[in-house]
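The values are calculated or read from the model by the stated rules, or taken from the named source; none is laboratory data. Just so you know, these numbers come straight off a predicted model, no measurement behind them. No Cβ is skipped: glycine too gets one built from the backbone with ideal geometry, and neighbour counts run over all protein chains shown. Please note that ligands, DNA and RNA were not included when accessible areas were found on the heavy atoms of the full protein model with its side chains. Shrake-Rupley method; radii C 1.70, N 1.55, O 1.52, S 1.80 Å.
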Amino acid sequence: MDGDCFVIFFASPLPPERLEEKSRQIQNRLREMRLPGFGTARLGFTAALCPSLPGDRYRELFERAARQLLSSDQPQDTGEARSAEELLLKKGLSIDMKLIRKELAEQKLIPGAYCQDYDSFKSIYRFMERRLRRTKSSACIILVTLTDGEGNFPPLSERAEQMSSLQDVIQCSLRLGDVFTRYSSCQYLIMVPDADPQDADKIALRICKNFYSSFPVRPKDILLHHCYPLFSPGSQQ
């Protein structure tokens, strides 16, 4: 369950004496466990036995075992009486939150903007709309379109390479808190929080400049950009 916490679940009911026997077996094995380079390791540990009760689900059984474990693990002469609930809040929930944070956190932080698939981008967009309703802050959407300089999409033979280059430029030209997604074969959508339309226009121009500078010879102005402010749900649009 955590760095120093393990749970053993017996699917079949065992009488208390059988559980105690199993616990002693585990204790004896751990006491004599050998670690390479350390000889015989003497490990200290605490175990709690918790049989299931009628109507128990896993969560109830686990929390009752956690209370027993945390209570038995506390010094008895501190003069501070704490309930099992307080101990669980102090230690058990902190263990759960460490696991939750580990699961939720971005595993590898990539510099620049946050690239997401379109469905995830929609969810972030809708969350941002709700946030604007509460915070009264600002945010903008930028639509960047790749063209051939005459208002048409570029040939397929050139499109893939140019769109890949454009993605790299967008990634590096924005902040960690900005989000973008590929909207079509020739378009990217970018969300920039805490920005007004003037800020968004400057950001779009910076993307265009960085994109053009990635070519040995500057091409025609093949990027079109449009900036739109986000509105909170139910506001005047």
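Some notes on this structure:
- Counting protein heavy atoms only, the stretch 110-182 has 50 percent of its accessible area on carbon and sulfur, 1.4 angstrom probe.
- FRET efficiency for the Leu205 to Lys122 pair, using the beta carbon distance and R₀ = 25 Å, is estimated at 0.45.
- Tyr114 long-range amide H proximity, modeled H, under 5 Å: Asp178, Val179, Phe180
- Working note: Karplus 6.51/-1.76/1.60 with θ = phi - 60° gives the stretch 4-13 the couplings 10, 10, 10, 10, 10, 10, 9, 5, 9, x Hz, where Gly and Pro are set to x.
- The packing ranking, built from the mean of other Cβ atoms within 10 Å per residue, places the peptides 20-29, 201-210, 56-65 in the order 201-210, 56-65, 20-29, highest first.
- Under 11 Å, Cβ to Cβ, from Ala139 - net charge with Lys/Arg +1 and Asp/Glu -1: -4
- Residue by residue, the stretch 189-198 carries 3J(HN,Hα) couplings of 9, 10, 10, 10, x, 6, 9, 9, x, 5 Hz when phi is fed to the Karplus relation 6.51 cos²θ - 1.76 cosθ + 1.60 (θ = phi - 60°); x denotes Gly or Pro.
- Summarised as an ellipsoid, the stretch 127-224 has semi-axes of 27, 13, 11 Å, derived from the eigenvalues of the Cα gyration tensor scaled by 5 and square-rooted, with the largest first.
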